Amino acid sequence: MISRLQPCVTCRRRYSVFIFFALLFICGFSIGQDIEGETGKLNRWLDEQYEEELGFSPIGLSKLGRKELYDQIDDFSEDGQRKELAWREQNLEKMQQFDYDALTSDGKISYDFWKYRQEVALAARPFINHWYRLQQMNGAHIELPYLLINLHRVDSEKDMVDLISRTRETGRAIRQLLKRTRQAEKQGIRLPYFAFELVQQQAQGVITGEPFEADAGSDSALWANYKSKVESLRERALVSQERAQELLDEARAALMSSVLPAYRDLINWAESSLIAASTEAHGAYSLPDGKNYYKHMLGYFTTTDYTAETVHQIGLDEVARIRAEMDDIRDEVGFDGSLDQFLVYVRDDDRFFYSNDDAGRQAYIAATERVLDNMHERLPSYFGVLPKASLVVKRAEPYVEVAGGAAFYKNSTPDGSRPGVYYLHLVDMSTQNITDLETTAYHEGVPGHHLQVALALERKGVPTFQTSAWYSAYGEGWALYAERLAKEMGFFASPFNDFGRLVMEMLRAVRLVVDTGIHAKGWTEEQAVSYMLENTSISEATARSETRRYFVWPGQATSYKIGMLRILQLREQAENALGERFDIREFHDVALGSGALPLPILENRINGWIESESTAAMDSWRD
C-alpha cells in the first residue's frame, strides 16, 4: 500500500518537475525573457550593421536582387577600402555592448559569425595590395559586364536610366583598379605572365562588336543586352518609341565614352606588362612577405589554422586513397592496362565526348538538365527544406568563355525571382569529358551550390548577413560533399561516370598538393600541370587552365577538400553520437540552416544539435 503522505516515485518526479517549472516561472521567467531579449537585440543590431556594410557595395546589393544604389558601382580605390576597414574595426568594438552569456545558442552562432567576419577582414590589412584585382578568374573587367547584363534587372524606365549611369561608372571603376594594380607592381606584386594575355583577351571580348566597332556585323554582348532591355520596355508600353530611341542613344554614348576608353587602357596595360613579364610564373612565396601572405590566404579560404605542410600532406594522403578506388573501377570495367593507361583512355577516347559543334553543345546541356531533373525528384528523401528558386543551365557568355574553363554558378535572389544559373564553357567540346558531366552538375547545381546558396538566401529567422555571407571552405566543401552524397543517393549508375566522380574528387585532392606546391614550395607551372595529368583524366588544356587559376588565387583551391573532409567528420561524429536517432534530413537541414559558416562555427552548431538530440532522447527514455 502506498501512503497518501508518500507519493510514488513517478509522482514525486512529476511533482518535482512541476515545482521546478513553477519556481522558474515565478522567479526566473524574466531571465528567459532577458535571454530572448538579448538575442533579439543582437539580431536587430546585426541587421542594421549589415545594411551599413551593404552601403559600401552597390554591386553586393544588386547580387541580392535589391535596387538601392542602383545607379552606382563600388568605390575600388585604396581610400575606399581603408574606409571600409575602419568601419569594421569600429564595428568590432561596438560588439562589446552585448552580454554573450545571455544569448541563445542561435544568438551565439550569429555573434561568433559576425565577429569572425570582421576579424578576418581586418587580418588582411597588411596585405591590402597583394590581391590580384585584374586577373582571369574573377577580375572586375569580367564581373562588371556580368553586373550590367545579368544582375541589373530593368523593370522600368528608371531602371534603364540607372543602368546607363552604371555604364558611365564602369570606366571610373576600371581605372581605379588599374591604378591600384600599377601601385602594387611597384611593390613587386605582379601577375604571372599568362594572366596578362588572358585578361587582354577577355577585355577585348567585351568591346568586340557594335557599337565599339563600326560595321562589325554583330552586336557586343553589352549592346545586344541593352537593346533587348529597351525593347522590352517599349513592348510593355513603359516608354514611347521616341523615348526608347533616346535611351539607346544615351546607352551608346555611355559605352563609347566610358567603357571603350577604359577597356582600351586595360588592354594597353596588359600588352605592355606582358612584354615586361618574366616567362616563368611564381607563387605567393615570391611576393613581399609572401610566406605570411600565403599563411593568411590559407587561413581565409580553409577557415582553419592548418599550415601549408599540413595541407600538402592531407593532399598526398587523399591522392593515394582515391587512386586505390580508381583502380577498383578499372578492374570492374575490365580494362586491360595500368591505372595510368586507364586515365589516358578516359581522357582521350572519342566515346567520352560530344561532337565539337552546336549540336554537341546542345546535347551536353540537355544531358545536364536531365541529370538535374532526376536529382530534384530524389532530394526530399535527404533534405527537409528545399529552395524555391529555380535553376537553369546556360553556356557562358563569349567574353568570359575559355577552352577547358571551370563550370561556375551564379546565385538566385532571396525572393526567387531570379533563378540560379549553372554556366558551362562549351567553346571547345574536346575539353568537356562526358564522365565529368554528372559530377559537375551535382556540384554546381543540386544538391551542391544552388541548393546551399538558395536555401541560405531564402532563410528566415536569422540575421540577414547570414543569408548571403560566403566562406569557401563551407560552400565549396559542401558542393564537394554533395558529389559524394549523390553516390549515396543511388546516382552514378555507370562505372565510367563514377570514375568521373573520383576524377573530380581527385582533382580537389590534387589541388591541396599543387596549391601548396606552387605557393609554399616553389613549384613551376609545368611541375603543377604534370602532377595533375599524372593523377587525373582531365585534358592538358583543363590542367593548364586549372594551374593558372591557382597561381592568381592563392589558397582558394584548398578550400574544397578541407571543407568536405570536415563536413564528413561532423556527420560521422553525429552518426556515432546519435545512433538510430540520426536522421540524414535533419543533419542536412542543421548544416545548411545558418548560412555558409566558417568551419569552427559550423562545428559548434552541429555539436549543439547533437547535444539537444541526445538530451531529447534521454528525456524520452526517462518518461
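The values are calculated or read from the model by the stated rules, or taken from the named source; none is laboratory data. Keep in mind it's a predicted model, so treat the numbers as computed, not measured. Neighbour counts run over all protein chains shown; Cβ positions are idealised from the backbone, glycine included.
At least 3 residues being of a type in the set (Ser, Thr, Tyr) and not assigned by TED's automatic domain parsing to the domain that holds GLY416 is the threshold, and among the helices (runs of 4 or more DSSP H) wholly inside segment 54-166 those reaching it are 105-123. Residue count for segment 405-427, restricted to those that are closer than 19 Å to VAL154 by Cα, touching a Gly at 6+ places or on another chain (Cβ under 9 Å) and either free of Cβ contacts under 8 Å to residues at least 12 places away in the same chain or buried (at least 17 other Cβ atoms within 10 Å of the Cβ) (or both): 7. Of LEU568, LEU592, all but one fail to be within 21 Å of the chain's Cα centre (by Cα), under 30 Å from VAL400 (Cβ atoms) and of a type in the set (A, V, I, L, M); the exception is LEU592. Contact annotation: residue pairs with Cβ atoms under 9 Å, 6 or more positions apart or on different chains, pairing a residue in segment 257-278 that is closer than 19 Å to PRO145 by Cβ with a partner that is surrounded by fewer than 13 Cβ atoms within 10 Å (Cβ to Cβ), are TRP269/ARG182. Regarding TRP269, is this residue in a helix (DSSP H, G or I), in contact with a strand residue (DSSP E or B) (Cβ under 9 Å, 6 or more places away or on another chain) and outside the structural domain of VAL402 (by TED's automatic domain parsing)? The answer is no for TRP269.
Condition check for VAL239 on (1) out of contact with any Phe, Trp or Tyr (no Cβ under 9 Å at 6 or more places or on another chain); (2) part of a helix (DSSP H, G or I); (3) surrounded by 15 or more Cβ atoms within 10 Å (Cβ to Cβ): one failure, at (2). Among the residues of segment 122-136, those identified as surrounded by fewer than 20 Cβ atoms within 10 Å (Cβ to Cβ) and closer than 23 Å to LYS410 by Cα are TRP131, ARG133.
Kindly indicate whether any position in segment 455-478 is buried (at least 23 other Cβ atoms within 10 Å of the Cβ), in a helix (DSSP H, G or I) and without any contact (Cβ under 8 Å) to a residue 60 or more places away in the chain. No, every residue in segment 455-478 fails to be buried (at least 23 other Cβ atoms within 10 Å of the Cβ), in a helix (DSSP H, G or I) and without any contact (Cβ under 8 Å) to a residue 60 or more places away in the chain.
Checked against the criterion of being on the phi < 0 side of the Ramachandran plot and surrounded by 18 or more Cβ atoms within 10 Å (Cβ to Cβ), the candidates TYR354, TYR345 yield just one match: TYR354. Against the test of being closer than 23 Å to ALA541 by Cα, part of a helix (DSSP H, G or I), over 25 Å from the mean Cα position of the chain (by Cα) and in contact (Cβ under 8 Å) with a residue 60 or more places away in the chain, the options GLN204, GLN183 yield a single qualifying residue, GLN204. SER278 meets the conditions (1) over 30 Å from ILE434 (Cβ atoms); (2) buried (at least 19 other Cβ atoms within 10 Å of the Cβ) in every case but one. The failed one is (2). In summary, SER105 fulfils each of the numbered conditions (1) within 19 Å of LEU602 (Cα to Cα); (2) at pLDDT 95 or above; (3) more than 26 Å from the chain's Cα centre (by Cα) with the single exception of condition (2).
Listed here are the residues, each with its yes/no results for (1) not assigned by TED's automatic domain parsing to the domain that holds SER545; (2) not in a helix (DSSP H, G or I).
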residue: GLY217; (1), (2): yes, yes
residue: LEU222; (1), (2): yes, no
residue: LYS227; (1), (2): yes, no
residue: ARG252; (1), (2): yes, no
residue: MET256; (1), (2): yes, no
residue: VAL259; (1), (2): yes, no
residue: ASP265; (1), (2): yes, no
residue: LEU298; (1), (2): no, no
residue: TYR306; (1), (2): no, yes
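Note on segment 606-620: residues that are at pLDDT below 90 and either surrounded by 12 or more Cβ atoms within 10 Å (Cβ to Cβ) or of a type in the set (D, E, K, R) (or both) amount to 3.
Candidates GLU534, GLU603: the one that is part of a helix (DSSP H, G or I), touching a helix residue (DSSP H, G or I) at 6+ places or on another chain (Cβ under 9 Å) and at pLDDT below 95 is GLU534.
Taking every residue in segment 484-496 that is within 17 Å of GLU325 (Cα to Cα) and pairing it with any residue that is of a type in the set (A, V, I, L, M, F, W, C), at least 6 positions away or on another chain, the pairs with Cβ-Cβ distances below 6 Å are PRO495/ILE329; PRO495/VAL333. When we screen LEU533, LEU568, LEU602 for residues that are buried (at least 17 other Cβ atoms within 10 Å of the Cβ), on the phi < 0 side of the Ramachandran plot and touching a residue at least 12 places away in the same chain (Cβ under 8 Å), the only hit is LEU602. Scanning segment 571-597 for residues that are outside any helix (DSSP H, G or I) and without any contact (Cβ under 8 Å) to a residue 40 or more places away in the chain yields PHE582, ASP583. When you scan segment 528-544, do you find a residue that is touching a Leu at 6+ places or on another chain (Cβ under 9 Å) and farther than 22 Å from LEU502 by Cβ, even just one? For segment 528-544, residues touching a Leu at 6+ places or on another chain (Cβ under 9 Å) and farther than 22 Å from LEU502 by Cβ: absent.
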